[in-house]
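Please see the structure below; I have some questions.
The values are calculated or read from the model by the stated rules, or taken from the named source; none is laboratory data. In this text the structure is predicted, and so the values were computed from the model without any measurement. Cβ placement follows ideal geometry from the backbone for every residue including glycine, while neighbour counts extend to all protein chains displayed.
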Amino acid sequence: MPREHHPDLSKASKLKDLTFLVKRSNIHWVTAALQTVESKNLQQITIRLHIATLGNSTEETGHREWQDLDRLLIQFWTSHSIRPRLVDAPNSGGWDARDRVQCLLPELARRNLLELQ
Amino acid sequence: MKVLGTIIWVPTAGKGTDENAALNLRTDFPWTTVGIEQNPASDSGAGDQRHMPCSLPPETLDFVIDQLHDEPATLRACCLVSKSWIPRTRRHLFAHVQFDDLEYPFDSWIRTFPDPSNSPAHHTRSLSICDLPTSTRTGTDVGNCIRAFHNVVHFDLNHYAGVGYDNPLAPFFGFSPVVRSLSLTSTSSEVFDLICSFPLLEDLELIDFCPEDGTVGWSPPSTSPKLTRSLNLAVRGGIHSTTRRLLNFPDGLHFAKITVTCIGEDFRSATDLVSKCSDTLESLKVCCFLMGAFPSASLTGQDLTAACGRSHA
């Protein structure tokens with residue numbers, strides 16, 4: 001992915017709180033941005049999902065991107081003890097797709113690290 | 001609180017003096033209630049021979065009224081008790097003033113307080129204006145009235161595209177030197193001179209406007225506010241141009257919290273903002289509308305306000 005397609009957070013050394021709002025299934029830019037984080041002060045990662053628009057996430061490419069995010073969030077848990085929060089965006093149809101999100105982030109779900117709201 | 005039991009006799013609207021009974025008390029229109037004094041000399045209650053005898057120290061009375069700061073109906077009733085109660089109740093009743101063209105028209109304020117210097121505008125700390133006409137129906141210049149709100153700390157301007165000035169936002173330039181929070185939604189694009197007219201500005205919100213093109217033909221101001229708290233940026237067509245101008249502010253950017261809505265290539269601008277504030281940034285929220293998946297041309301103001309969390313913060 002070209003560098004300009006995701007925010008570079010490597011210089012934000014005081015960063016404590018990070019929130020992404022994801023529309024559609026393009027989750028790769030969240031992963032790319034998170035990979036640039038170097039702050040030792042990070043305490044919270046929140047991902048606001050628009051569940052109703054995650055329709056294509058079960059396709060091969062989309063699924064691989066979610067697996068990458070799953071692995072990265074596990075790393076944040078093991079290295080920083082940060083438990084990610086997944087929040088359903090308003091008016092997105094509710095958490096009836098909760099099970100699907102748990103399938104997309106299986107390792108986080110297995111370790112009971114997903115904080116779904 | 002025992003002291004309340006000794007002096008508060010639950011004032012009821014419509015049961016005050018004859019003068020008070022003549023007031024048009026409307027709970028949804030606070031300034032008609034307290035428009036009985038047009039002379040600032042009487043604002044302190046000095047010289048008023050009809051005020052209710054009270055042996056309590058004024059600071060005790062002030063304390064009691066302060067406890068009612070979030071009960072506007074009770075505060076309006078307190079205005080009818082005694083003129084000596086009015087100054088303190090006004091401080092709370094007019095702490096937040098909102099104008100819009102339908103429910104709370106600016107013209108009504110001007111009719112009630114025709115002389116801006118005698119209006120209770122100096123009590124206002126939070127001012128919200130939506131759909132304000134450039135000149136009022138009473139022919140009064142908006143800028144002249146706005147300058148009476150010289151103690152406003154939080155200023156919110158919505159859907160204002162004033163004409164008749166070189167810069168449509170000129171009536172608001174520096175009207176209150178203590179503004180710390182500025183929110184502009186769907187206004188004229190020439191917002192940067194307005195931003196720089198508030199030296200103490202800390203929080204900045206720019207939602208849903210079409211920015212000028214980059215920095216072409218734009219001279220950076222000689223000074224700019226410190227901008228040390230929060231930035232919320234959701235600009236139709238992308239944040240690139242707006243970011244370019246903000247990055248050229250002479251005193252830099254020092255935001256601790258950034259919320260930015262990115263469209264397509266906007267991530268480059270978001271990265272520039274993050275880099276500029278890297279020493280101070282503590283919280284970052286990125287809303288992504290990827291080009292193609294969500295073309296910027298189809299973005300609406302509702303999309304932008306929803307994306308940046310303004311309507312459901």
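Among the residues in the stretch B:292-300, are any crowded, with 16+ Cβ neighbours inside 10 Å, assigned by TED's automatic domain parsing to the domain that holds B:ARG147 and either touching an Asp or Glu at 6+ places or on another chain (Cβ under 6 Å) or at pLDDT 90 or above (or both)?
No: zero hits.
Can you find even one residue in the stretch A:30-40 that is surrounded by 18 or more Cβ atoms within 10 Å (Cβ to Cβ), at pLDDT below 80 and facing chain B (nearest Cβ under 10 Å)?
In the first step, residues of the stretch A:30-40 are kept if they are surrounded by 18 or more Cβ atoms within 10 Å (Cβ to Cβ); the result is A:30-34, A:37, A:39.
From the residues that got through so far, the ones that are at pLDDT below 80 too are none.
No; the residues of the stretch A:30-40 include none that is surrounded by 18 or more Cβ atoms within 10 Å (Cβ to Cβ), at pLDDT below 80 and facing chain B (nearest Cβ under 10 Å).
I've got another one for you. Report the residue count in the stretch B:107-122 for those that are under 20 Å from B:VAL153 (Cβ atoms) and in contact with a Phe, Trp or Tyr (Cβ under 8 Å, 6 or more places away or on another chain).
Residues in the stretch B:107-122 being under 20 Å from B:VAL153 (Cβ atoms) and in contact with a Phe, Trp or Tyr (Cβ under 8 Å, 6 or more places away or on another chain): 5 in total.
Is it the case that B:LEU231 is crowded, with 18+ Cβ neighbours inside 10 Å and at pLDDT below 95? Lay out the reasoning, then the answer.
Details: crowded, with 18+ Cβ neighbours inside 10 Å: yes; at pLDDT below 95: no.
So B:LEU231 does not fit the description; no.
While we're on this one: List the helices (runs of 4 or more DSSP H) that sit entirely inside the stretch A:51-112 and contain at least 1 residues that are modelled with pLDDT of 85 or more and over 16 Å from A:VAL30 (Cα atoms).
On the way: elements: A:60-80, A:98-104, A:106-110.
By residue number, A:60-80, A:106-110.
In addition: Select, from B:VAL179, B:VAL97, the only residue that is among the β-branched types (Val, Ile, Thr), at pLDDT 90 or above and under 22 Å from B:ASN232 (Cα atoms).
On the way: B:VAL97 fails: under 22 Å from B:ASN232 (Cα atoms).
Result of the check over B:VAL179, B:VAL97: B:VAL179.
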